[in-house]
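Structure first, commentary second.
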Amino acid sequence: MKWLGNKFSQKTQTGEYSHEVFSPSGRVRFMLGVRDGGVFYSLKRDEKVIVRESKLGLDFVGEESFGRKFKLLAVKGQEVNSKWETVFGEEKVVVNKYHEGEFRLGCLEDERGVIVVRVRVFDDGIGFRYEIAERGVEQLTVKEELTEFNVDQNGRAWWIPAYQPDRYEYLYQRSQVVAMDKPVHTPLTIKTTSGAYVSIHEAALYDYGAMVVRRHGDTLRAEVTPMANGDAAQIELPFNTPWRVVMVASRAMDLAVNRIMLNLNEPAREDFAWVKPMKYLGIWWSLHIGEQTWHAGDRHGATTENTMEYIDYAAKLGIRAVLIEGWNEGWEGDWLECGKDNKFTLAYPDFNMKKVADYAKEKGVEIVGHHETVGFIENYESQWPEAFEFYKDHGVKYIKLGYAGTRMLIDGTREFHHCQPGVRHYQRVAEIAAKYGMMLNIHEPIKGTGIERTWPNIMTREGARGQEYEGGGMTPEHHTIIPFTRGLAGGFDYTPGIFDIHSNGVKTVWSTLARQLALFVTIYSSWQMAADRPRFYEGNPAFKFVQDVPADWQKTVPLVGEIGECWVVARQDRESDDWYVGGVTNEDARAVSVYFEFLDEGCEYEAEIYRDGCEQEAEGVTWVGAEGRAHFRENPLAVVIEKRRVKKGDRLEVWMAEGGGFAVRVKRVE
């Protein structure tokens with residue numbers, strides 16, 4: 001072992017063992033110890049305490065609980081310094097550099113009860129998991145997890161409650177950690193009183209309930225989402241739990257480019273070169289504002305004629321694909337009960353899949369299929385593989401999945417989406433989709449834990465409050481919190497691009513038009529939806545940015561960011577030298593400085609800027625939509641487009657209106 005500062009000490013009189021693992025730079029330090037049979041850890045960064053002494057452990061049914069009567073048997077480790085290339089993502093090349101400690105622990109009373117605590121220490125955080133060896137039984141039942149995160153109780157936390165009817169789809173609350181009065185979902189992000197930023201999450205979630213975090217006395221404890229019978233999980237031995245992750249940064253914006261989640265997952269075991277990011281239109285927003293319906297009738301949206309019109313728009317506007325929701329039978333009646341009747345291969349009489357598929361192929365447009373299960377898992381899985389074969393026969397490679405029910409119905413029992421049986425289902429659907437060469441966008445999903453590295457066909461997901469909640473259920477602040485919370489869990493199909501801000505008065509969007517452009521950059525997704533009805537894009541100069549902006553990136557560089565205040569980020573196109581910059585603010589207007597340090601030295605670029613309109617503008621700008629001072633309520637359509645030459649080191653001052661934003665395309669001048 002060649003770890004910086006590693007040490008191992010033994011105090012035989014007290015039975016206390018301690019061992020430290022430092023990150024490659026030495027900035028992060030993890031310590032594991034055993035005292036009186038209990039196992040504990042702590043974490044520091046730059047000599048600041050991030051996690052005080054915290055328990056480790058698992059409570060089993062009918063077996064000795066790990067973490068109560070254990071001793072340290074052996075310690076070993078390794079150091080890793082590698083790079084790997086993503087199939088798609090926010091970075092093309094990811095650096096994977098860490099020091100690893102393997103702590104082998106055994107039960108004081110029974111040598112069979114061996115459990116390994118494996119920790120990987122990065123310069124921006126840690127991941128650790130429990131590895132349960134084979135023993136005299138084939139299966140164990142985990143009653144609960146004893147893992148603690150003894151963080152600063154006076155720190156400021158951003159959180160959403162767990163075990164609620166709408167799953168992860170809530171606005172974030174902000175409070176001191178000590179005031180969190182409910183179990184909360186992860187990522188849970190905290191700003192400590194010492195100024196450090198910390199986010200607690202998990203990686204590589206398979207065959208186990210998702211972790212939520214609950215206050216337990218003066219600390220936080222991991223809680224595995226229980227099954228209906230109250231157990232956390234039933235596991236087959238040997239078994240590795242998901243990684244428990246603590247991300248750490250000195251600045252909020254550095255959290256947003258943390259790649260620990262991906263690095264703790266395994267590489268893909270097969271070739272996923274067929275996976276391709278894209279942008280899409282869809283028969284979707286018209287349904288949410290009541291202009292059309294999912295079910296058949298006078299206002300049915302997914303008719304053959306209407307779908308072909310959307311395909312024409314996609315071809316004309318240069319958008320790659322069209323989502324079709326509501327084409328299949330089963331949408332009548334109580335929407336949340338319709339899942340038990342959904343037929344995934346049987347179309348309504350006014351929709352002809354073959355005709356639509358042939359027309360899309362002729363126009364060079366992909367179809368995004370749709371499976372809305374409403375959480376009725378037996379009904380859905382009973383139609384496998386026919387449902388996937390149906391799409392394959394019609395050339396469909398992209399599928400949006402939905403699980404809109406408050407609970408899943410699995411084996412006759414109502415279960416949380418994110419309990420162990422739910423996690424197993426989401427994995428099964430990923431595997432069958434991969435078998436058929438299909439890419440997935442999962443709504444009402446299990447949260448992202450980096451498994452898209454292993455299963456790149458899981459390209460994006462919802463798992464947070466998205467744009468469909470506009471019309472009273474959204475705030476401008478939400479967009480400035482997401483990159484530092486939900487955004488840490490991977491791509492988010494937020495569905496930006498609403499140009500008809502008032503949407504017939506049904507769903508007024510609390511956003512300026514410039515902000516809608518910015519969201520294509522500030523909220524990452526490898527599928528990006530131009531979510532509005534396409535007729536509102538025709539003839540609007542601002543739509544050029546939507547046409548230009550990619551959904552796959554070479555590099556991501558954070559520029560300005562504070563949780564709940566603002567977020568500005570630059571991303572480089574994976575297929576060209578172009579850069580794109582997006583910025584959003586909360587309900588406060590503000591000016592920010594964009595420094596073009598990320599550009600190549602000695603090159604000249606043209607910046608095409610889309611920003612909120614000010615009261616007085618310089619000559620030579622192009623007004624779009626409306627003139628005057630932009631405001632997300634009073635004048636949302638006031639957008640200015642301008643161009644200027646820039647180079648490395650230049651600075652751009654940009655003003656954002658209340659609830660506003662800006663977007664910039666930076667193209668190299670040859």
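Give the distance, in whole Å, between the Cα centre of segment 312-327 and the Cα centre of segment 596-670. Using only Cα atoms, the two centres lie 29 Å from each other. Computed from backbone phi, the HN-Hα couplings of segment 377-385 come to 5, 4, 4, 5, 5, 5, 9, 7, x Hz, rounded to whole numbers (Karplus: 6.51 cos²θ - 1.76 cosθ + 1.60, θ = phi - 60°; Gly and Pro given as x). The length gained on full extension between residue 548 and residue 164, counted as 0.36 nm times the residue separation minus their Cα-Cα distance, comes to 134.4 nm. Can you give me the distance in nm between label points at residue 71 and residue 108, each placed 7 Å from the Cα along the Cα-to-Cβ direction? Output for this residue pair reads 0.9 nm.
Given 0.36 nm per residue, what is the gain on full extension from residue 669 to residue 240 after removing their alpha carbon distance, in nm?
Values: separation 429, 0.36 × 429 = 154.44 nm, distance 5.16 nm.
My answer for the length gained is 149.3 nm.
Each label point was placed 7 Å from the Cα along the Cα-to-Cβ direction; for residue 81 and residue 95 their separation is 1.1 nm.
Only one of (i) 95, 78, 57; (ii) 80, 58, 44; (iii) 162, 54, 44 was calculated from the structure for Cα extents along the principal axes in Å, and its label is (ii).
How high is the relative contact order of segment 420-563, in percent, with contacts defined as C-alpha pairs under 8 Å that are six or more residues apart? Present the calculation step by step, with values, prior to reporting the outcome.
On the way: 179 pairs, mean separation 29.3, N = 144.
With pairs under 8 Å counted, the relative contact order is 20 percent.
Each Cα pair under 8 Å and six or more residues apart adds its sequence gap; the mean of these over the residue count of segment 267-350 is a relative contact order of 29 percent. Rounded to the nearest 500, the 222 nm mean residue ellipticity of the chain from helices alone is -3500 deg cm²/dmol, with -39,500 (n - 2.57) taken per DSSP H run of at least 4 residues. Think of segment 213-359 as having a plus end and a minus end, set by charges on the Cβ of Lys, Arg, Asp and Glu; of 220, 338, 246, 246 sits farthest toward the positive end of this dipole. Ordering 638-649, 578-589 by mean Cβ neighbour count within 10 Å, with the highest value first, yields 578-589, 638-649. Other residues with beta-carbon under 11 Å from the beta-carbon of residue 588 carry, at +1 per Lys or Arg and -1 per Asp or Glu, a net charge of -3. The lysines within cross-link reach of residue 647, meaning a Cα-to-Cα straight distance under 24 Å and a gap of 8 or more places when in the same chain, are 92, 544, 555, 667.
Each of the peptides 129-141, 148-160 was scored by the mean count of other Cβ atoms within 10 Å over its residues; in descending order, highest first, they stand as 148-160, 129-141. Note that segment 653-670 has calculated 3J(HN,Hα) couplings of 8, 10, 9, 10, 6, 4, x, x, x, 7, 9, 9, 9, 10, 10, 5, 8, 6 Hz, one per residue in order, obtained from phi through the Karplus relation 6.51 cos²θ - 1.76 cosθ + 1.60 (θ = phi - 60°); glycine and proline are x.
Over segment 564-641, what percent of the accessible surface lies on carbon and sulfur atoms, probe 1.4 Å? Walk me through the numbers before you get to the answer.
On the way: 1230 of 3270 Å².
Carbon and sulfur atoms account for 38 percent of the accessible area of segment 564-641.
The mean sequence distance of close C-alpha pairs (under 8 Å, at least 6 residues apart), as a share of the length of the chain, puts its relative contact order at 10 percent.
Compute the accessible area per residue over the chain, keeping the other protein chains in place, probe 1.4 Å, unit Å². Walk me through the numbers on the way to the answer.
Values: 24490 Å² over 670 residues.
Value for the chain: 37 Å² per residue.
Look at where the Cα atoms of segment 459-524 and of segment 527-570 average out, and the two centres are 11 Å apart. Bridgeable lysines around residue 354 (alpha carbons under 29 Å apart, same-chain partners fewer than 8 residues away excluded): 276, 279, 316, 340, 343, 363, 392, 397, 400, 435. Residues in segment 78-94 carry Karplus couplings, in order, of 7, 10, 10, 9, 9, 9, 8, 9, 7, 6, 7, x, 7, 9, 6, 10, 10 Hz; the curve used is 6.51 cos²θ - 1.76 cosθ + 1.60 with θ = phi - 60°, and Gly or Pro positions show x.
Comparing 663, 201, 405 along the charge dipole axis of the chain, the residue lying farthest to the positive side is 201, per the Cβ-charge model. Under the simplified labelling scheme, the residue 270-residue 316 pair shows an inter-label distance of 4.0 nm, with each label point 7 Å from Cα along Cα→Cβ.
If we sort 662-668, 625-631 on the protection proxy, mean other Cβ atoms within 10 Å, highest first, what's the order? Could you put the intermediate results ahead of the total?
Details: 662-668: 22.9, 625-631: 18.3.
Those peptides, ordered most packed to least, come out 662-668, 625-631.
Between amide H atoms placed 1.01 Å from N, distances below 5 Å from residue 587 occur with 477, 659, all of them 5 or more places distant or on a separate chain.
The values are calculated or read from the model by the stated rules, or taken from the named source; none is laboratory data. As the structure is a prediction and not an experimental result, all values here were calculated from the model. All Cβ positions, glycine included, derive from the backbone under ideal geometry; neighbour counts span all protein chains shown. Calculation scope for accessible area: heavy atoms of the full protein, side chains included, ligands and nucleic acids excluded. Shrake-Rupley method; radii C 1.70, N 1.55, O 1.52, S 1.80 Å.
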